[in-house]
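The values are calculated or read from the model by the stated rules, or taken from the named source; none is laboratory data. The model shown is predicted, which means the values in this text are computed figures rather than measured ones. Cβ coordinates were reconstructed from backbone atoms using ideal geometry, including for glycine residues, and neighbour counts include every protein chain displayed.
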């Protein structure tokens, strides 16, 4: 377990979690991260030259948040620096590493696209959501959330 930072201590004393945190916690719990790491591993740079590569799971988490919150590569980089919830979801510890930059994310997206892995991951996300009974509502970064699939039809017309 990683050592708690002052930010972690400060945030742990809050009375409620944001919709973004709840959404990211749920995605963290239901998605098959290790399966995807193994799927990408054969195509990912080994790091024999240049900078050491960033962990595949970190890149996958950033890639998916970019999609879920409809952000550009540069915008998701900035959002992760700015958002405790996103940084926690990515498991970035600023004492050990920095957020992958927009260029690194763009290269990762191209790698996934070139080897047809993006479609596979997207299908897996839809499948996991369906199995968990979750409907993903798209909106702005502040409004992204998950809802149980049966919740919408359970209220009477008068309650709406």
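Tabulated data for the structure shown
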{"read-out": "Conditions (1) surrounded by 12 or more Cβ atoms within 10 Å (Cβ to Cβ); (2) modelled with pLDDT of 90 or more; (3) touching a helix residue (DSSP H, G or I) at 6+ places or on another chain (Cβ under 9 Å); (4) part of a helix (DSSP H, G or I): number failed by residue 11", "value": "(2)"}
{"read-out": "Hey, residue 66 in contact with a helix residue (DSSP H, G or I) (Cβ under 6 Å, 6 or more places away or on another chain) and surrounded by 15 or more Cβ atoms within 10 Å (Cβ to Cβ) or not", "value": "yes"}
{"read-out": "Total residues in segment 36-47, condition out of contact with any helix residue (DSSP H, G or I) (no Cβ under 6 Å at 6 or more places or on another chain) and within 22 Å of residue 98 (Cβ to Cβ)", "value": "3"}
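Yes/no matrix, rows are residues, columns are (1) surrounded by fewer than 15 Cβ atoms within 10 Å (Cβ to Cβ); (2) in contact (Cβ under 8 Å) with a residue 60 or more places away in the chain; (3) closer than 27 Å to residue 116 by Cβ:
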site	(1), (2), (3)
33	yes, no, yes
40	no, yes, yes
44	no, yes, yes
47	yes, no, yes
51	yes, no, yes
57	no, no, yes
77	no, no, yes
80	no, no, yes
